[in-house]
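**Q** Below is the structure I would like to discuss, written out as structure tokens.
The values are calculated or read from the model by the stated rules, or taken from the named source; none is laboratory data. This structure is a prediction, so every number in the text was calculated from the model and none was measured. Methodologically, a virtual Cβ is constructed for each residue, glycine included, from the backbone with ideal geometry; neighbour enumeration extends over all protein chains shown.
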Amino acid sequence: MVQCVFCGTENPLPPQLTIDRMIVIDCRNCHRKTPTGKEEEVRKTWEQCVSRSYPKVTAARAIGLANAIYKTAEADVNTISIGKTREALKEAYGKGFDAKGIIGGYLIKGRVHGGFTDPTAVAAILIIDNGQQTPRYSIYVVFRGSSGAMRAHEDQSVNVDWRANFDNGFDTTGYTPDSIKVHRGFKASLSSYRDRVLRGMNMAIQDHPDSHVVITGHSQGAGHAILFAHWLSYIQPTPRPFVIPYSPPRTGNFAFAHDFSIRLSMKPMALPYDGMPAHGAYLMVKGEDPVVWGMKHSFSGRTIQETWSAADAQLKDRWVAGYRGLLDQAAYAESAEKYRYNPSEVYFHPLYLTQISSWTPKIGKLKALDHDPGSFRDKILSNL
């Protein structure tokens, strides 16, 4: 029997359970969806995170760009200067990437949540010349993750990204059956600039026909990349993109994860440079990343708050800036979830979660450090 979390009624489990009905069932009394308690059992089958081969050159390019766009936002530039971008990418990548291959691009600025606007760079489209490879050109669509800065036109004390992160109820997509639901905050934020990203991508495709398209991002940017790629598969299915998000939070319910996997993850791809058969999507995970594994987003805030308190005296200054935004929002995360999190709204990752080895610092096992895009980049590059 399953006790409804809303009205307390005892409900029998149906004799035949599909995988999605193992997670929640309809209460026979109040007719609301209540969790069955079998969520973790389903996760063990569905969310298998394994060390598998992945396309390393494409992965190195993608994580380098996902890391570099944070610096673009911090600089608050208005356009992409290819010369300056090449120089920045030399620093962002280190070895293993020829920045001279970047021949053009577009910068997307500004995204909105709850009426507040972050006016800085939130996405970029970059065109890379593959030389003698087929296809000749690759177009990278890169989404920026959460900024730690408090930025908004109306109120400089508002962090627009973190408002979206913890607006974590479900919403319908608007382009699929209503059973497919996604993270409300990510959807709202992405919707504020999604069409501009599509226009930039299509301009690049028009200028360089038969290009290969890669969609990537880190953290919240990974969530936006997943939602954008899924939307794209419905409204513009060709060219079919390769999707490689880094440190992705869970972005939708099981129906969404299943649909994304069928439409994107499970489709075979051929990638320039890599010379290996590939899946259509790899969700890249480094170690015990709390953003990836926390079903409820405030789990990440609490984990980081606890570990920081124990080890802050030993942390080097270079780690402080990258996590200050997370730490400042921990209290908000808990209070927001208290009002917004519904126990029947269970998030799942699509297939294929791909784990690379973790880096554990000498000062102890700080899970938060597995979320850093720079250390993720360094690990990918060391495997080239």
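**Q** Within the stretch 113-125, count every residue that is closer than 16 Å to Gly221 by Cβ and either of a type outside the set (Asp, Glu) or surrounded by fewer than 19 Cβ atoms within 10 Å (Cβ to Cβ) (or both). Give the derivation first.
**A** Of the residues in the stretch 113-125, the ones closer than 16 Å to Gly221 by Cβ are 113, 118, 120-125.
Add one more test, that the residue is either of a type outside the set (Asp, Glu) or surrounded by fewer than 19 Cβ atoms within 10 Å (Cβ to Cβ) (or both), and what stays is 113, 120-125.
So the count comes out to 7.
**Q** Show the residue pairs that are 6+ apart or on different chains and have beta-carbon atoms under 8 Å apart, the first residue being within the stretch 210-239 and closer than 15 Å to Arg61 by Cα, the second being surrounded by fewer than 24 Cβ atoms within 10 Å (Cβ to Cβ) and of a type in the set (Lys, Arg).
**A** Short answer, once both residue conditions are applied: Val213/Arg240.
**Q** Further question: Report the residue count in the stretch 16-70 for those that are part of a loop (DSSP other than H, G, I, E, B) and touching a helix residue (DSSP H, G or I) at 6+ places or on another chain (Cβ under 7 Å).
**A** Result for the stretch 16-70: 4.
**Q** Evaluate the following for Asp195: is it of a type in the set (Asp, Glu), closer than 22 Å to Gly104 by Cα, surrounded by fewer than 21 Cβ atoms within 10 Å (Cβ to Cβ) and assigned by TED's automatic domain parsing to the domain that holds Pro135? Outline the logic, then answer.
**A** Details: of a type in the set (Asp, Glu): yes; closer than 22 Å to Gly104 by Cα: yes; surrounded by fewer than 21 Cβ atoms within 10 Å (Cβ to Cβ): yes; assigned by TED's automatic domain parsing to the domain that holds Pro135: yes.
Taking the combined requirement at face value, the residue satisfies it.
**Q** Going through the stretch 50-66 one residue at a time, which ones are among the polar types (S, T, N, Q) and within 18 Å of the chain's Cα centre (by Cα)? Write out each step before concluding.
**A** Start the filter on the stretch 50-66 by keeping residues that are among the polar types (S, T, N, Q), which leaves 51, 53, 58.
Once the filter is applied, which keeps residues that are among the polar types (S, T, N, Q) and within 18 Å of the chain's Cα centre (by Cα), the stretch 50-66 yields only Thr58.
**Q** Give the residue, chosen from Pro245, Pro239, Pro249, that is more than 23 Å from Asp370 (Cβ to Cβ) and assigned by TED's automatic domain parsing to the domain that holds Thr176.
**A** Working: Pro245 fails: more than 23 Å from Asp370 (Cβ to Cβ); Pro249 fails: more than 23 Å from Asp370 (Cβ to Cβ).
Being more than 23 Å from Asp370 (Cβ to Cβ) and assigned by TED's automatic domain parsing to the domain that holds Thr176 holds for just one of Pro245, Pro239, Pro249, which is Pro239.
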